[in-house]
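A.B. asks: Take this structure, written in structure tokens, and hold onto it; I'll ask about it next.
The values are calculated or read from the model by the stated rules, or taken from the named source; none is laboratory data. As the structure is a prediction and not an experimental result, all values here were calculated from the model. Here the Cβ positions follow ideal geometry from the backbone for every residue, glycine too, while neighbour counts run over all protein chains shown. Protein only, heavy atoms only, side chains kept; ligands, DNA and RNA dropped before computing areas. Shrake-Rupley method; radii C 1.70, N 1.55, O 1.52, S 1.80 Å.
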Amino acid sequence: MKLEILEIPHPLLRQKSVFVNKEDKEVKKLLENMLETMYAAHGVGLAAPQVGVLKRIVVIDTASKEEKPNPLFLVNPKIIEHSEETSECSEGCLSVPNQYASVQRYTEVTVEYEDADRIVKQIKAEGLLAIALQHEIDHLDGIIFIDYLSKLKQKMILKKLEKNRKRKKMEDVE
């Protein structure tokens, strides 16, 4: 089932998510719904707060359109190691539609998480996967990629977003 993706400035996007306990029977269904939602929105990652659920749950798939889908389900993910080296990369976000900006991220991260079957695993990542992991784990702590930008760049992005929303409303009325 496709879920609604919340957009800034929705207040849930700024709240910290709670740890998911082993007894939570809704996890698998939520993971499936989030994956369907992410694919429908053409994203590479989606965190539960983006669909209004304050749980530490993330789905990611960095496979290109030419590749077979390779979804990653992460419950209670946390970065346990990261490189000293960082790099700047252009990021976007389904909760900040059609807006992109350069963000400084670690080039490598190691993340500990539970998979869909609640088995504890670790993944060492670099490149797009490392960026996606950092971006989505930030969402679990109420952090959005624009928080890494200057106040001026944040204002510009929010202004563009508002302008696009108004234009869309006008188109919907016509």
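A.B. asks: Going from most exposed to least, what order do ASP141, ASP115 have by accessible area with a 1.4 Å probe? The partial results should precede the final answer.
C.D. replies: Working: ASP141 50, ASP115 20 Å².
Per-residue accessible area, sorted high to low, gives ASP141, ASP115.
A.B. asks: Shape of region 1-158 from its Cα gyration tensor (a ≥ b ≥ c, root eigenvalues): rounded if a/c is under 1.5, otherwise prolate when a/b > b/c, or oblate? All intermediate terms of the calculation are to be shown ahead of the outcome.
C.D. replies: Details: a/c = 1.44, a/b = 1.21, b/c = 1.19.
Rounded shape, in that the Cα axes give a/c under 1.5.
A.B. asks: Quick one: what are the phi-derived ³J(HN,Hα) couplings along region 107-113, Karplus 6.51/-1.76/1.60 with θ = phi - 60°, whole Hz, x for glycine and proline?
C.D. replies: Result, ordered by residue: 6, 9, 9, 10, 10, 9, 7 Hz.
A.B. asks: Let me ask something else. Any chance you could check the Cα centroid distance between region 36-96 and region 134-174 for me, in angstrom?
C.D. replies: 17 Å
A.B. asks: Could you work out the local net charge near VAL103, counting Lys and Arg as +1, Asp and Glu as -1, over the other residues with Cβ closer than 9 Å to its Cβ? Intermediate values should be presented prior to the final figure.
C.D. replies: Numbers: positive: ARG105; negative: GLU88, GLU91.
For residues surrounding VAL103, the net value is -1.
A.B. asks: Quick check on region 48-88: take the gyration tensor over C-alpha atoms, sort the square-rooted eigenvalues as a ≥ b ≥ c, and tell me if it's rounded (a/c under 1.5), prolate or oblate.
C.D. replies: Values: a/c = 2.01, a/b = 1.02, b/c = 1.97.
It is oblate, given that a/c is not under 1.5 and a/b is not larger than b/c.
A.B. asks: Please give the peptides 50-58, 164-172, 36-44 ranked by average Cβ packing (other Cβ atoms within 10 Å per residue), highest first, as a rough proxy for protection. Write out the running numbers ahead of the final one.
C.D. replies: Working: 50-58: 22.1, 164-172: 9.9, 36-44: 16.6.
Going by the mean number of other Cβ atoms within 10 Å, highest first, we get 50-58, 36-44, 164-172.
A.B. asks: Tell me the mean residue ellipticity at 222 nm calculated for the chain from its helices only (DSSP H runs of n ≥ 4, each -39500 (n - 2.57), averaged over every residue, nearest 500). Don't jump to the answer; show the numbers that get you there.
C.D. replies: Numbers: 3 runs with 51 residues, N = 174.
Result for the chain, helices only: -10000 deg cm²/dmol.
A.B. asks: Per residue, what accessible area does region 35-174 have, given a 1.4 Å probe and all protein chains present, in Å²? It would help to have the intermediate numbers written out before the result.
C.D. replies: Numbers: 7830 Å² over 140 residues.
Per residue, region 35-174 has an accessible area of 56 Å².
A.B. asks: Using a Förster distance of 30 angstrom, determine the FRET efficiency expected from the C-beta separation of LYS155 and LYS25, and round it to 0.05. Write out the running numbers ahead of the final one.
C.D. replies: Values: r = 43 Å, r/R0 = 1.44.
Efficiency at R0 = 30 Å is approximately 0.10.
A.B. asks: Compute, for LYS78, the solvent-accessible surface of its heavy atoms (probe 1.4 Å) with the complete set of protein chains present, and express it in square angstrom to the nearest 10.
C.D. replies: Roughly 100 Å² of LYS78 is accessible to a 1.4 Å probe.
A.B. asks: Let me ask something else about it. If you take the square roots of the eigenvalues of the alpha-carbon gyration tensor of region 1-85 and sort them as a ≥ b ≥ c, do you get rounded (a/c under 1.5), prolate (a/b over b/c) or oblate? Display every interim value, and only then the final one.
C.D. replies: Working: a/c = 1.30, a/b = 1.10, b/c = 1.19.
Rounded is the answer for region 1-85, as its axis ratio a/c remains below 1.5.
A.B. asks: Taking the Cα centre of region 1-109 as origin and charging only Cβ (+1 Lys, Arg; -1 Asp, Glu), how large is the dipole, in debye to the nearest 20? It would help to have the intermediate numbers written out before the result.
C.D. replies: Details: 13 positive and 16 negative charges, 108 e Å.
Once rounded to the nearest 20, the dipole reads 520 debye.
A.B. asks: In addition: Leaving out ligands, DNA and RNA, what percent of the accessible area of the chain is carbon and sulfur, probe 1.4 Å? Walk me through the numbers on the way to the answer.
C.D. replies: Values: 5520 of 10280 Å².
It is 54 percent, rounded to a whole number.
A.B. asks: Using +1 at the Cβ of each Lys and Arg and -1 at the Cβ of each Asp and Glu in the chain, identify which of VAL51, LEU74, ALA63 lies farthest towards the dipole's positive end.
C.D. replies: Of the listed residues, the answer is VAL51.
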